[in-house]
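Quick notes on the structure that follows.
The values are calculated or read from the model by the stated rules, or taken from the named source; none is laboratory data. Everything numeric here is computed off the predicted structure, so don't read it as measured data. Cβ placement follows ideal geometry from the backbone for every residue including glycine, while neighbour counts extend to all protein chains displayed. Just the protein is used for accessible areas: all its heavy atoms, side chains included, with ligands, DNA and RNA removed. Shrake-Rupley method; radii C 1.70, N 1.55, O 1.52, S 1.80 Å.
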Amino acid sequence: MSAYDKVTLARASDRAMGSFYMEQILDHFVELHGDRRFGDDGAICGGVGILNGEPVTCITMKRGDSLEERMKRNFGCPSPEGYRKALRLMKQAEKFHRPVICFIGSPGAYCGIGAEERGQGQAIAENLLEMFGIRVPIITVVIGEGGSGGALALSVCDSMIMFDNAVYSVISPEGCASILWKDSSRAPEAAEVLRLTAGDLYSMGIADVILQEGYRTNEELAAELKALLIRELERLKKVSAPRLLASRYEKFRKIGG
Amino acid sequence: MTSETVKCKKCGGEMDAEMVAKHRKICPRCGNYFRMTARERIDLVTDGKTFRELDGTLVSRDVLRFPDYEKKLEIARLETGENEAVITGTAAIGGHPCALFVMDSVFMMGSMGTVVGEKITRLFEYATEKRLPVIGFTCSGGARMQEGVLSLMQMAKISGAIRWHSSAGLLYIAVLTDPTTGGVTASFAMEGDIIAAEPGALIGFAGQRVIEQTIGQKLPEGFQKSEFQLEHGFCDLLIGRVNMAQTLADLLMLHKEQPKERRNA
Ligand SMILES: [Zn+2]
């Protein structure tokens, strides 16, 4: 399968995303809204649920199903208040000593006048800075398209699980092709040179675990993801908070060092 | 012998390049700021001959074998005489010691690859160890496409280093200069204890053309300028070039480390 085939699968409108997996793996999930500053961003959904008998905070990017819902959720492109809501929920998780799981799948942070006026860059930056200090385990699961800084704002973590048809890139292949060759139709070539597949991220030391999709159903994948998350959380639970923060920094410190 | 001239983008005036360089690169006619190289910036703000460069020999490699990257790096090195898009080191400003990083917008548009990320990370680690404040001048088009997701991850890596520096109770002043956009705005440019900006600089996350295409309308005058960021609460103050060194010296003085007894009181 080519890199661009994976991009196409990662973006497919019928691909099961974070909300599906949250429904499958969590019991008693309660969604919590709002950033307490400006509003409630529909492109980010978060709350608390029970995983394997213990409470966890889960946050996902959400694009919605119907066209109407997609428009309401900005096609899954988060605004500053979405990132601020996510950070609020992470700090709440820290207070109540429960781990955080973030699901990634979004074309990127929303581009618009309002988003700039309310500090899109600052909101992402604050998440990056603060997530290095959250004293509970953070696991990031990349399911769909991991687009640029908008995805990174939920990706500072202790363990990154990546679906093998998910992608993660500094720029969309279309954007890259138009810069390189002034021709966005050459996106498949760009996807190749950008090295954005799960295998690429694993070899660069960014992704820690790859979840092979094969021919399995979404329900089967959810069951495996649940088992993986339980295993990773068991491991991370044993680590003291200072040690956890030091190794979280070490994980990113090594990249391109 | 004819001397080299430069043209002001704002008023269109042509003037002698050497004279402009001697006067903080400010247009004598309209007050517009010409872009400064990293070295010019260092000369402008640091006390004479106090700058000591760190990690100046680190050079980028084409790890992903990206089309034309080697060639672009070669051109950038020739054009600027620098090895990378950021210069880091230590210096004194108004007699106050500090760690300093200065980006260069000419070097591949100031884009951030792994070497830029590594140099800034090392600087924050060094400053944490030596208990120095950090002053950083940003100007960048964002993460460097040619190093793919490795560039993107530098945003997180630097943020982690800033957090350790900050937890140690140390000061970081970010000074945003024209242009500061993309992944740099969405990371270390917006993570200062104090965020200052040069007047008239373009500062934002999304590119203006991308926003215009997305929303299908022209952007208002002054959108994403320093003054816009000040008005929306995203920077603490604007500092002009004439006052830059003095204002930074004042800020360093105001945050000088207190003796231990007073810190704990
Ligand atoms: Zn002028």
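Taking the criterion of being surrounded by fewer than 24 Cβ atoms within 10 Å (Cβ to Cβ), facing chain B (nearest Cβ under 7 Å) and in contact (Cβ under 8 Å) with a residue 24 or more places away in the chain, the residues of segment A:127-148 that qualify are A:F132, A:G133.
One residue stands out among those in segment A:110-125 that are more than 7 Å from every other protein chain (Cβ to nearest Cβ) and open to solvent by 10 Å² or more (accessible area, probe 1.4 Å): the one that is nearest to A:L225 (Cα to Cα), which is A:Y110. Take the residues of segment B:25-41 that are open to solvent by less than 40 Å² (accessible area, probe 1.4 Å) and not in a loop (DSSP other than H, G, I, E, B): which is nearest to the ligand (Cβ to nearest atom)? The residue in question is B:I26. Selection of segment B:143-165 for residues being more than 8 Å from chain A (Cβ to nearest Cβ) and open to solvent by 10 Å² or more (accessible area, probe 1.4 Å) yields only B:Q146.
Quick one: how many residues across segment A:194-226 are in a strand (DSSP E or B), open to solvent by less than 40 Å² (accessible area, probe 1.4 Å) and more than 21 Å from B:G113 (Cβ to Cβ)? Spell out the reasoning first.
Pass one, segment A:194-226, residues in a strand (DSSP E or B): A:197, A:209-211.
When the remaining residues are screened for being open to solvent by less than 40 Å² (accessible area, probe 1.4 Å), the result is A:197, A:209, A:211.
Going one step further and asking which of them are more than 21 Å from B:G113 (Cβ to Cβ), we end up with A:209, A:211.
Here the count works out to 2.
Please verify whether segment B:43-66 includes one or more residues that are open to solvent by 60 Å² or more (accessible area, probe 1.4 Å), away from the ligand (no atom under 16 Å from the Cβ), within 14 Å of chain A (Cβ to nearest Cβ) and among the charged types (D, E, K, R). Full working, then the answer.
As a first pass, look at segment B:43-66 and keep what is open to solvent by 60 Å² or more (accessible area, probe 1.4 Å): B:43, B:48-49, B:52-53, B:57, B:59, B:61, B:63, B:65.
Narrowing the set further to residues that are away from the ligand (no atom under 16 Å from the Cβ) leaves B:43, B:48-49, B:52-53, B:57, B:59, B:61, B:63, B:65.
Next, from what is left, pick out any that are within 14 Å of chain A (Cβ to nearest Cβ): B:59, B:61, B:63, B:65.
Cutting the leftovers down to among the charged types (D, E, K, R) gives us B:61, B:65.
Checked against the condition, which is being open to solvent by 60 Å² or more (accessible area, probe 1.4 Å), away from the ligand (no atom under 16 Å from the Cβ), within 14 Å of chain A (Cβ to nearest Cβ) and among the charged types (D, E, K, R), segment B:43-66 yields at least one hit.
Residues in segment B:180-212 that are more than 21 Å from B:F124 (Cβ to Cβ), out of contact with any helix residue (DSSP H, G or I) (no Cβ under 7 Å at 6 or more places or on another chain) and part of a strand (DSSP E or B): B:L202 alone. Scanning segment A:233-245 for residues being closer than 22 Å to A:E130 by Cα and assigned to a helix (DSSP H, G or I) gives a total of 8.
One residue is enough: does segment B:230-240 have a residue meeting the conditions without any contact (Cβ under 8 Å) to a residue 40 or more places away in the chain and either buried (at least 24 other Cβ atoms within 10 Å of the Cβ) or not assigned by TED's automatic domain parsing to the domain that holds B:S111 (or both)? Spell out how you get there, then give the answer.
Taking segment B:230-240 first, the residues without any contact (Cβ under 8 Å) to a residue 40 or more places away in the chain are B:230-233.
If we keep only those that are either buried (at least 24 other Cβ atoms within 10 Å of the Cβ) or not assigned by TED's automatic domain parsing to the domain that holds B:S111 (or both) too, we end up with none.
No; the residues of segment B:230-240 include none that is without any contact (Cβ under 8 Å) to a residue 40 or more places away in the chain and either buried (at least 24 other Cβ atoms within 10 Å of the Cβ) or not assigned by TED's automatic domain parsing to the domain that holds B:S111 (or both).
Among the residues of segment B:71-93, some residue qualifies, meaning at least one is within 14 Å of chain A (Cβ to nearest Cβ), more than 16 Å from the ligand (Cβ to nearest atom) and either surrounded by fewer than 16 Cβ atoms within 10 Å (Cβ to Cβ) or without any contact (Cβ under 8 Å) to a residue 24 or more places away in the chain (or both). For segment A:154-188, what are the residues that are under 14 Å from A:G105 (Cα atoms), more than 10 Å from chain B (Cβ to nearest Cβ) and open to solvent by less than 10 Å² (accessible area, probe 1.4 Å)? Selection gives A:L154, A:M160, A:I161, A:M162, A:F163, A:A166. Quick check, is A:A191 of a type in the set (G, A, S), part of a helix (DSSP H, G or I) and more than 12 Å from chain B (Cβ to nearest Cβ)? Judged against the criteria, A:A191 is not a match. Pairs are defined by a Cβ separation below 7 Å, a sequence spacing of at least 6 or placement on different chains, a first member in segment A:203-232 that is within 20 Å of A:A151 (Cα to Cα), and a second member that is basic (K, R); the pairs so defined are A:G205/A:K254.
The residue of segment B:5-17 that is farthest from the ligand (Cβ to nearest atom), among those that are open to solvent by 100 Å² or more (accessible area, probe 1.4 Å) and farther than 18 Å from B:V106 by Cα, is B:E14.
Among the residues of segment A:91-106, is there at least one that is among the aliphatic types (A, V, I, L, M), closer than 14 Å to A:I44 by Cα, within 14 Å of chain B (Cβ to nearest Cβ) and buried (at least 24 other Cβ atoms within 10 Å of the Cβ)? For segment A:91-106, residues among the aliphatic types (A, V, I, L, M), closer than 14 Å to A:I44 by Cα, within 14 Å of chain B (Cβ to nearest Cβ) and buried (at least 24 other Cβ atoms within 10 Å of the Cβ): present. Against the conditions (1) more than 27 Å from B:A206 (Cβ to Cβ); (2) open to solvent by less than 10 Å² (accessible area, probe 1.4 Å), A:F29 satisfies every one except (2).
With respect to the conditions (1) at negative phi; (2) within 9 Å of chain A (Cβ to nearest Cβ); (3) touching a Gly at 6+ places or on another chain (Cβ under 9 Å), B:A174 lacks only one, and its number is (2).
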